[in-house]
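Scroll down for the structure; my scribbles are underneath it.
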Amino acid sequence: MPASKSSASGTTATANEVWFAMNSLVRDHAADSRARISRVIDIPFSRFRALRRVAVADVTQRDLAARMGVDASAMTGIINDLVALGLVERRPHDTDGRSKYVTITDAGRRVVRAVIDDPSVTPPAFAALDDAELAELGRLLEILRVAAES
């Protein structure tokens, strides 16, 4: 049975209800988000999406493809483009000779930072949160991110 938590309003939300609300919020505003990001950088959103994931931690191409829901050949094209732009590098896996790690370069970090630091990228709905709420949401999302990647 899904866990439930009492919210500040006194209502109880199950993990599934929170997941569906979060998922809907992101998906329903994805096109607008991609457009805002594209106005800041001159690379396709699929490339930025991969770059952003690699900025969090080095990852194998295979794992990155699985996380992004694309097949191996599509991921090879994405990574090839990012390598050609000097935004990521491939390096040998420490223990698996068949795998390569994808690592972000300093230039790649600058691209990610340019997007993160640009206030025009932030969806207008975030204005509904004060600083403390925004910090709490960030803290909770980081807990979920770590749990999802473990």
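Compare the Cα positions of ASN16, SER150, ASN80 along the charge dipole of the chain (+1 at Cβ of Lys, Arg; -1 at Cβ of Asp, Glu; about the Cα centre) and return the one farthest towards the positive end.
ASN80
Classify the stretch 97-150 from the C-alpha gyration tensor, please: rounded if a/c falls under 1.5, else prolate or oblate depending on whether a/b exceeds b/c.
Working: a/c = 3.57, a/b = 1.49, b/c = 2.40.
Judged from the Cα gyration tensor, the stretch 97-150 comes out oblate (a/c at least 1.5, b/c at or above a/b).
Leaving ligands, DNA and RNA out of it, rank SER38, SER99, SER33 by accessible area with a 1.4 Å probe, largest first.
SER38, SER33, SER99
Could you tell me the accessible area of GLU149 in Å² (1.4 Å probe, neighbours in place), rounded to the nearest ten?
80 Å²
Quick check: pseudo-label points 7 Å beyond the Cα along Cα→Cβ at ASP42 and ASP28, how many nm apart are they?
3.6 nm
Given the DSSP H assignment, sum -39500 (n - 2.57) over each helix run of at least 4 residues in the chain and divide by its residue total; what's the result at 222 nm in deg cm²/dmol, nearest 500? Each step should come with its number before you reach the end.
On the way: 7 runs with 87 residues, N = 150.
Per the formula, -18000 deg cm²/dmol.
Compute a Gaussian network model of the chain, connecting alpha carbons closer than 10 Å, and tell me which residue from ARG98, ARG34, ARG47 fluctuates the most.
Looking only at ARG98, ARG34, ARG47, the largest GNM fluctuation is found for ARG98.
Please list, in order along the stretch 77-82, the HN-Hα scalar couplings obtained from phi with the Karplus expression 6.51 cos²θ - 1.76 cosθ + 1.60 (θ = phi - 60°), rounded to whole Hz, x for Gly and Pro.
x, 4, 5, 4, 4, 5
Taking 22 Å as R0, compute the FRET efficiency from the Cβ-Cβ separation of ALA114 and ARG139 and round it to 0.05.
Given R0 = 22 Å and the Cβ-Cβ separation, E is 0.35.
Could you give the dipole magnitude of the stretch 54-143 about its Cα centre, charging the beta-carbon of Lys and Arg +1 and that of Asp and Glu -1, in debye to the nearest 20? Walk me through the numbers on the way to the answer.
Working: 10 positive and 15 negative charges, 106 e Å.
Using only the charged Cβ atoms, the result is roughly 500 debye.
May I ask you to rank HIS29, HIS93 by accessible area, largest first, using a 1.4 Å probe over the protein chains only? Working shown, then result.
Numbers: HIS29 100, HIS93 45 Å².
So, going from the largest accessible area down, we get HIS29, HIS93.
Tabulate in residue order the Karplus-calculated ³J(HN,Hα) for the stretch 13-29, using 6.51 cos²θ - 1.76 cosθ + 1.60 with θ = phi - 60°, rounded to whole Hz; enter x for Gly and Pro.
10, 7, 4, 5, 5, 5, 4, 5, 5, 5, 4, 5, 4, 5, 5, 5, 10
Just to confirm a number: summing +1 for Lys and Arg and -1 for Asp and Glu over residues other than ASP106 whose beta-carbon lies under 14 angstrom from that of ASP106, what do you get?
Taking every Cβ under 14 Å from that of ASP106, the sum is +2.
Taking the Cα centre of the chain as the origin, how large is its charge dipole in debye, to the nearest 20, when only Lys and Arg (+1) and Asp and Glu (-1) carry charge on their Cβ atoms? Mind dumping the intermediate values first?
On the way: 20 positive and 20 negative charges, 95 e Å.
The dipole magnitude comes to about 460 debye.
May I ask you to give the percent of accessible area on the chain that is carbon plus sulfur, with a probe radius of 1.4 Å?
Working: 5720 of 10110 Å².
Of the solvent-accessible surface of the chain, carbon and sulfur hold 57 percent.
Go through THR60, THR12 and list them by solvent-accessible area, largest first, probe radius 1.4 Å.
Details: THR60 15, THR12 80 Å².
Result of the area sort, largest leading: THR12, THR60.
Give me the one-decimal nm value for the distance between modelled label points at SER73 and ALA21, 7 Å along each residue's Cα-to-Cβ direction.
4.3 nm
The values are calculated or read from the model by the stated rules, or taken from the named source; none is laboratory data. Every value quoted in this text rests on a predicted model; they were computed, and no experiment measured them. Because the Cβ atoms are built from the backbone with ideal geometry, glycine has one as well, and the counts that use them run over all protein chains shown. Side chains included, ligands, DNA and RNA excluded: accessible areas come from the protein's heavy atoms. Shrake-Rupley method; radii C 1.70, N 1.55, O 1.52, S 1.80 Å.
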